[in-house]
Structures are given as structure tokens and as C-alpha cells.
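Report on one structure; see the data block that follows.
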Amino acid sequence: MTENNELIRSSAAALAGKLAAREVSAVEVTQAHLDRIAAVDGKVHAFLHVNTDEALAVAAEVDAIRAAGGDAAGELHALAGVPIAVKDLIVTIGQPTTAGSKILEGWHSPYDATVVKRLRAAKMPILGKTNLDEFAMGSSTEHSAFGPTHNPWDLDRIPGGSGGGSAAAVAAFEAPLALGTDTGGSIRQPGAVTGTVGVKPTYGGVSRYGAIAMASSLDQIGPVSRTVLDSALLHQVIGGHDPRDSTSLQDPLEDLVAAASIGNVAGMKIGIIKELHGEGYQAGVENRFNESLELLRGAGAEIVEVSCPNFKYALGAYYLIMPSEASSNLAKFDGVRYGLRVLPEEGPMTIERVMGATRAAGFGDEVKRRIILGTYALSAGYYDAYYGSAQKVRTLIQRDFDAAFAKADVLISPTAPTTAFKLGEKLNDPLAMYLNDVATIPANMAGVPGLSLPGGLADEDGLPVGVQLLAPARQDARLYRVGAVLESLLEAQWGGPLLDRAPSLTDPALTGSALSDAAASSHGGSH
């Protein structure tokens, strides 16, 4: 294995250790990942913008501080010099922020999101901005105005959505860490289908200031990584109170890294959500999920079944609340203040007609679909029947969670009902696409934290399966504790990280479905 390959395949924690021990420089680590992006991103299309000069400059600054003894004096954060990618829904100075939409193509923000400020304070080189479904509206990253992202396990398949770019970048070893946003599963569902770890923190636990809003009561920024510990390390950097975000919690941030290092689940109660597995879930997904349950039981956890009967209404309620809030949030894109402006070809040049022409040209079909749905749900005579009723269902879902957490410390389910589907397979069937989020949406409706980690490979297609853990609000540490133990048990069963079993994208002969074929023939299922 070459040094370059060793660096890109190292975890963020391992890279931090190498950097602290001066076994490698931050410039070498950053350059290795930039080289990987140059080598494979033409196939994967995880990035919309690569931030080469700034990333190398930050890395050089870290090396200079370390050479001067600044790390011994406490001047450097533990993750200083570890590179990261950022979903292109999160604003950054010096790089374009497009939200995956033509309406913001080429737009540069005059300020940094709070999470980006915290990355800069930790001196983590930002590799670039990752692809997403336009304004985070989608479950496959096929609705980006700049083309789809491809799943590194099989380039003919989706990487999940809306944050498929961040998940694919991490899965393809283009970045050790990434930031995503999760409104109905957009960090966790891509994690499941790419074999990565994705975390949606407690609502308000990470500042949303500077994340372009889709649905303000549901959106949450969170970490994407290859290990549970790496997610805990990144969560520790970006979490905590922010006075610029009116929904930000004032609770002190727990020691999430310590929680991920406890190493046991003995005596913990883990609840299987009756409504989130079984019928409708791919057989290979169910098999890997059941294996995870047995591993946790063998580690001393008590497995109990809980029922959340109102979860069956979550999908319908979500697709009223989210479009309603999105239609309001996206009203700002009017062709007047910033972004794209399209003038009507004929007739009077009124603001209304400029807005209509701009939005018609700048928004894609999925965004238009959700704006129309949300505007209708909020219209006079329909507000109580639709949006108001959906909010009542949201309360029932929150009560289901309260009852379930009275019986269990954490809850567990498959993250997604299937493995990654083929690109284009569900583009003409929005309802089928929406069903991919059936297991992840309840957490956003209730504001509770959720973590998805790799659960193995499905028997049918050799593609990754995700296991989802859910904890009560403000108890994110429980996710990291249980997640780290389950990850360790699974890796002991497989003989190493799941991503080590994915074909390398450096071989140009492996393209499209040949990737998953090679994985299946070389490694079989999860056994």
C-alpha cells in the first residue's frame, strides 16, 4: 500500500494521531485527498467546487504552528490539519454556495455559517463543497441542477439524498469527514446506502445559522464520517450553543468522544420499533438488522420491542409540513435580491413577472412540485385541514417517542428499507422516492437525535445496509456509546471496516455495475 493510499483510507482520528506525532504533515494529508478527488471525482461527482488553494494554505498554517511548538502550547485543536468537505447548502466565504440550484449558480456568500466558522477555528482544511438534491429536496441526489452523484459501490446507483455528495465523498476516500444536513434523513439515508456513518444531532444541538433553510423546524446540520468515533470528534467541533440561531439549545455539549469510548452496552435496554421493520423491507436489509440485534444481545444489552403506532402517519405529515415551510423559505429567491435574474421576453417588466420568469427558469421540477404542494397546504381554507392536521400528527409522533423511551434507552431500526437503487429508477415516481425516508423521518418530526452506521452487505446485491439508532432529545451521547460498540462487534465479524470491501475506484476498468459485481464476487454477503 502506498503512503498516499494509506492516508486517504485512514480515519480522521488516525490522521489526527499521525499529525500530532509528526509522522506526516497537514499539507501531505490535504494533498493526498485533493489528488484522490482529481483521480476519481470525474466518476463519482461528489464535489461541485474544489477549494484547492485555501485548503493547502490552511494545512501549511497548521504545519507552521506545529513546527513552532504551538501544538504543545495548546494552540491547535485535535483535528487541526484533518481535511473536511462541506455540503453545498452551508454558506462559506470564498467558495460558491449553490444549494444545487441554477437559481444560485455562482453565488458567493458574504458570511460563513457558524459550523464553518468552527471548522476554521479548529484549522480543518475545507476541501470543497459537495453535491446535493436542489435545496435538499430529494432522496437520491439526482435532483441537483449540476448532475447526479454516483454511489462509489456501484456507479450506476444513487448515493442517497439529499446529501449524497457528502456521503459519496467520504465513501470514495475523497474526504475523511464531511458536513451534511438532515431534514427527513438526508444524512442518515445516504450513510446507509454508501456504507458510511451519518448523524442527525438533537434539533438545536448544532447551529443552523448559515444553512440555507428548507424546512426550519426540521433541518439539522450533522457529521458524515467512516467511523462512529470520527463523527463524535466532528460533532464535538460543530456542536454547542449559538446566539445567532434562535432555536439553538443552551445546554452544555456532552463529551461525545468519551461516550464513543465507553466500550460496553451491558444492562442497556434497546428497543426494536415494531413499525420500522418487517413487511416492505428488503430481505437482505432485514437479515443484517437481525444480526445486529443478536450482536447487541450477546454484548449484554436487553432487546425489547416497542410500538410507535403513529409512525405510520409520519411520512404523510412530513410531506405537508416540509413543503409548507419550504414554500415560505424559498420565497426569498425572487430574482430581485440575489442569485439568478431572468427577464420576461415580452410584456410589462413588473416585479411579479420577473419573479415568475426567474423561478420558472431557476428551480427544478422537484422544487416546483414541493413549493406548489406547500403553498396549497397553507392557502386559505386548507391550512387547518392540511398543515394544522399534520402538526397534530407531529405531536402524536412525539408522544410515541416519549412512551418508547420510557421502556428503552435507545431505539433501533433499519435506516432505509432497501439498498441503493439504480439511477433513474424512481425519478418518474415521486411517491416511491419519498418512501425511502420512511424510517428516518420520525426523528426529524420529534427533534430527537439519530445515527446510522454500516450494518453489512445485503445478500441480494452485495450493497451496504444501514442500522439506525435513535435516542431521546439531548441524549446524543447514548447514540455514540451504542453505535461504537455495535460498530466494533460488526467489524470483528467482518474482519475490518465495511468500506475495505468496496472496490477501489482507482482501477479505471471498474465502472458502473462492475463495481458491485466485483464486490459480490470477491466478498459475498456480510458473512
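A short reminder: the numbers here are calculations on the coordinates, not readings from a lab. From a predicted model like this one, the values you see are computed outputs, not experimental measurements. Don't worry about glycine lacking a Cβ; one is built from the backbone with ideal geometry, like all the others, and counts go over all protein chains shown.
Sort 479-491, 260-272, 170-182, 435-447 by the packing proxy (mean of other Cβ within 10 Å over each peptide's residues), most packed first.
Values: 479-491: 23.5, 260-272: 16.7, 170-182: 29.6, 435-447: 26.5.
Going from most to least packed, we get 170-182, 435-447, 479-491, 260-272.
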- Note on the structure: For the range 317-360, the charge dipole (Cβ of Lys, Arg +1; Cβ of Asp, Glu -1; about the Cα centre) points to a positive end, and the Cα of Leu343, Ala331, Ala357 closest to that extreme belongs to Ala331
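Please report the antiparallel percentage of DSSP beta bridges with both residues in the chain, rounded to the nearest 5.
Values: 29 of 43 bridges.
Among the beta bridges of the chain, antiparallel pairing accounts for roughly 65 percent.
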- Message: Over the range 1-158, what is the relative contact order in percent, taking alpha-carbon pairs closer than 8 angstrom and at least six residues apart?
- Response: 25
- For the range 207-342, projected area of the alpha-carbon convex hull averaged over all directions, nm²: 12.5
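Around Glu174, under 12 Å between beta carbons, what's the net of Lys plus Arg minus Asp minus Glu among the other residues?
Numbers: positive: Arg9, Arg36, Lys43, Arg226; negative: Asp35, Asp41.
Within the 12 Å Cβ shell, the charges total +2.
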- Task: At q = 0.14 Å⁻¹, work out log10 I(q)/I(0) for the range 104-211 with the Debye formula, treating every Cα as an identical point scatterer and leaving solvent out; two decimals please.
- Result: -0.54
- Item | Charge sum, other residues only, whose C-beta stays under 12 Å from Ala357's C-beta, Lys/Arg counted +1 and Asp/Glu -1 | -1
- Task: Starting from 0 in steps of 5 Å, tell me what percent of the Cα-Cα pairs of the range 195-276 lands in each bin.
- Result: 3, 14, 19, 19, 20, 15, 7, 3, 0
- Kirkwood-based Rg to Rh ratio, the range 205-245, C-alpha trace: 1.01
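Sequence gap at least 6, Cα distance under 8 Å: using those rules, report the relative contact order of the range 174-243 to the nearest whole percent. Display every interim value, and only then the final one.
Numbers: 117 pairs, mean separation 27.4, N = 70.
Computed value for the range 174-243: 39 percent relative contact order.
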- Item | Distance between modelled label sites at Thr350 and Glu6, nm, 7 Å Cα→Cβ extension | 6.9
- How do the peptides 279-285, 152-158 rank, highest first, by the average count of neighbouring beta carbon atoms within 10 Å per residue? 152-158, 279-285
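Quick one: in the range 1-69, what % of C-alpha pairs are over 20 Å apart?
Working: 738 of 2346 pairs.
Summing the P(r) of the range 1-69 above 20 Å gives 31 percent of all pairs.
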- Task: Give the calculated FRET efficiency between Ala73 and Val304 to the nearest 0.05, with a Förster radius of 30 Å applied to their Cβ-Cβ distance.
- Result: 0.05
- Task: Specify the inter-centroid distance of the range 31-109 and the range 382-420, based on alpha-carbon positions, in whole Å.
- Result: 36
- Note on the structure: Heads up, the range 337-415 by the C-alpha gyration tensor (a ≥ b ≥ c square roots of eigenvalues; a/c under 1.5 rounded, else a/b over b/c prolate, else oblate) looks prolate
- Compare the peptides 66-79, 136-149 by average per-residue count of other Cβ atoms within 10 angstrom and give them in order, highest first. 136-149, 66-79
- Query: Taking the Cα centre of the range 196-268 as the origin, how large is its charge dipole in debye, to the nearest 20, when only Lys and Arg (+1) and Asp and Glu (-1) carry charge on their Cβ atoms?
  - Reply: 200
- Leading residue at positive end of dipole, the range 462-502 (Cβ point charges), from Gly462, Gly496, Ala473: Ala473
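I want the local charge near Ser248. Using Cβ-Cβ distances under 9 Å, sum +1 for each Lys or Arg and -1 for each Asp or Glu among the other residues. Please report the intermediate quantities before stating the final value.
On the way: positive: Arg208, Arg244; negative: Asp242, Asp245.
That works out to 0.
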- Per the helix-only calculation at 222 nm, which mean residue ellipticity applies to the chain, given -39500 (n - 2.57) for every DSSP H run of n ≥ 4 and division by its residues, nearest 500 deg cm²/dmol? -12000 deg cm²/dmol
- Item | Electrostatic dipole magnitude of the range 222-343 [Cβ: Lys, Arg +1; Asp, Glu -1; Cα centre; debye, to 20] | 440
- So what are the three principal axis dimensions of the range 259-332 from its Cα atoms, in whole Å, longest to shortest? 52, 33, 23
- Using the Cα atoms of the range 309-373 to build a convex hull, what is its mean projected area in square nanometres? 4.9
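With r defined as the distance between the Cβ atoms of Asp384 and Ala60 and R0 fixed at 45 Å, what FRET efficiency is calculated, to the nearest 0.05?
Details: r = 59 Å, r/R0 = 1.31.
So, using R0 = 45 Å, E works out to roughly 0.15.
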- Name the aspartates and glutamates eligible as straight-distance cross-link partners of Lys123: C-alpha to C-alpha under 14 Å, and not fewer than 8 places from it in the same chain. Glu54, Glu61, Asp63, Asp71, Glu75
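What dipole magnitude, in Debye to the nearest 20, does the chain give about its Cα centre under +1 on Lys/Arg Cβ and -1 on Asp/Glu Cβ? Can you show the working numbers first?
Numbers: 42 positive and 59 negative charges, 216 e Å.
Magnitude of the dipole: close to 1040 debye.
What shape does the range 414-453 have by the C-alpha gyration tensor, where a ≥ b ≥ c are the square roots of the eigenvalues, rounded means a/c under 1.5, and otherwise prolate means a/b greater than b/c and oblate the rest? Write out the running numbers ahead of the final one.
Values: a/c = 3.52, a/b = 1.81, b/c = 1.95.
Oblate.
Distance check, please: which entries in Lys102/Lys200; Lys87/Lys200; Lys102/Lys368 exceed 18 angstrom between their Cα atoms?
Numbers: Lys102/Lys200 27 Å; Lys87/Lys200 14 Å; Lys102/Lys368 13 Å.
Table pairs above 18 Å Cα-Cα are Lys102/Lys200.
Pick out, in residue order, every one of the GluC sites (Glu not before Pro) in the range 331-431 that is DSSP loop and has at most 12 other C-beta atoms within 10 Å; say none if there are none.
Passing sites in the range 331-431 are Glu345, Glu346.
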- Take the alpha carbon atoms of the range 235-266, find their center, do the same for the range 183-233, and report the distance between the two centers in whole angstrom. 13
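Can you classify the range 1-134 as rounded, prolate or oblate using the Cα gyration tensor, where a ≥ b ≥ c are the square roots of its eigenvalues, rounded means a/c under 1.5, and otherwise it's prolate if a/b beats b/c and oblate if not?
oblate
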- Relative contact order for the range 113-176, counting Cα pairs under 8 Å that sit 6 or more residues apart, in percent: 28
